[in-house]
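Student: Just dropping this structure here.
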Amino acid sequence: MAEQGFEQQITPESEKEFLRGQIEKQPERAKEIMGDYLQKEPEVVYGPEKVVGRQEMSEMEKRIVDVRYEERENAVQYLFQIARDKGLLYASRVAKKADPSVMEEFHDRLVNYLYPSG
């Protein structure tokens, strides 16, 4: 984890500021930084006390799997709720179970959320 500058474990609450700081250093690489970060294992980044169990993960995924196109906005908002409550890495894992357009919209908004002027 040290290769990304993780000195200590990140909480879902501090995650936004951590990533914003990374993006501010190299705004031209915002999407790449986000992509690299979202490949990390939540258990390593957040620590064992913040692990989301299989049952809870399954319930979050079920809510997003069969979202119709016209419900896409609600799905994206739900992913942001997961990001706030559980962390971006869990939200990204759930997004991967959604329709590709939902995942793409979530990731695009995520970069804008973390670096609004980027």
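The values are calculated or read from the model by the stated rules, or taken from the named source; none is laboratory data. All of these numbers come straight from a predicted model, not from anything done at the bench. As a convention, Cβ positions derive from the backbone with ideal geometry for all residues, glycine included, and neighbour counts pool all protein chains shown.
Student: I'm trying to understand the selection: among the residues of region 92-118, which are over 15 Å from LEU19 (Cβ atoms), over 14 Å from the mean Cα position of the chain (by Cα), surrounded by fewer than 18 Cβ atoms within 10 Å (Cβ to Cβ) and not polar (S, T, N, Q)?
Tutor: Matches in region 92-118: PRO100 only.
Student: Which of the residues belonging to region 66-91 are loosely packed, with under 13 Cβ neighbours inside 10 Å and over 15 Å from the mean Cα position of the chain (by Cα)?
Tutor: Scanning region 66-91 gives ASP66, ARG68, TYR69, GLU70, GLU73.
Student: GLY47: surrounded by 13 or more Cβ atoms within 10 Å (Cβ to Cβ), more than 18 Å from LEU110 (Cα to Cα) and of a type in the set (Gly, Ala, Ser), yes or no?
Tutor: Here the answer is yes, as GLY47 does meet what is asked.
Student: A further question follows. Among the residues of region 64-118, write down those that are at pLDDT 85 or above, over 21 Å from GLN9 (Cα atoms), assigned to a loop (DSSP other than H, G, I, E, B) and in contact with a helix residue (DSSP H, G or I) (Cβ under 7 Å, 6 or more places away or on another chain).
Tutor: LYS96, LYS97, ALA98, listed by residue number.
Student: Are any residues in region 43-59 modelled with pLDDT of 90 or more, in contact with a Lys or Arg (Cβ under 8 Å, 6 or more places away or on another chain) and outside any loop (DSSP other than H, G, I, E, B), and if so, which ones?
Tutor: MET57, the sole residue that qualifies.
Student: Being out of contact with any strand residue (DSSP E or B) (no Cβ under 8 Å at 6 or more places or on another chain), loosely packed, with under 14 Cβ neighbours inside 10 Å and over 22 Å from LEU114 (Cα atoms) is true for just one of GLU59, GLU41. Which residue is that?
Tutor: Within the list GLU59, GLU41, the selection yields GLU59.
Student: Between a first residue in region 1-22 that is closer than 15 Å to GLY87 by Cα and surrounded by 13 or more Cβ atoms within 10 Å (Cβ to Cβ) and a second residue that is modelled with pLDDT under 90 and of a type in the set (Gly, Ala, Ser), which pairs have beta carbons less than 6 Å apart while being 6 or more apart in sequence or on different chains?
Tutor: Between residues of region 1-22 that are closer than 15 Å to GLY87 by Cα and surrounded by 13 or more Cβ atoms within 10 Å (Cβ to Cβ) and residues that are modelled with pLDDT under 90 and of a type in the set (Gly, Ala, Ser), the close pairs are GLN9/GLY47.
Student: Follow-up question, since we're still on this one. Does region 74-82 include one or more residues that are under 18 Å from ILE33 (Cα atoms) and not aromatic (Phe, Trp, Tyr)?
Tutor: Within region 74-82 (the criterion being under 18 Å from ILE33 (Cα atoms) and not aromatic (Phe, Trp, Tyr)), the answer is no, since none of the residues qualifies.
Student: Can you run down the residue pairs with Cβ atoms below 7 Å, 6 or more apart or on separate chains, where the first is in region 52-79 and closer than 9 Å to VAL102 by Cβ and the partner is not in a helix (DSSP H, G or I)?
Tutor: Taking only residues 6 or more apart or on different chains, the pairs are ILE64/LYS97; ILE64/ALA98; VAL67/ALA98; VAL67/ASP99; ALA75/VAL67; ALA75/ALA98.
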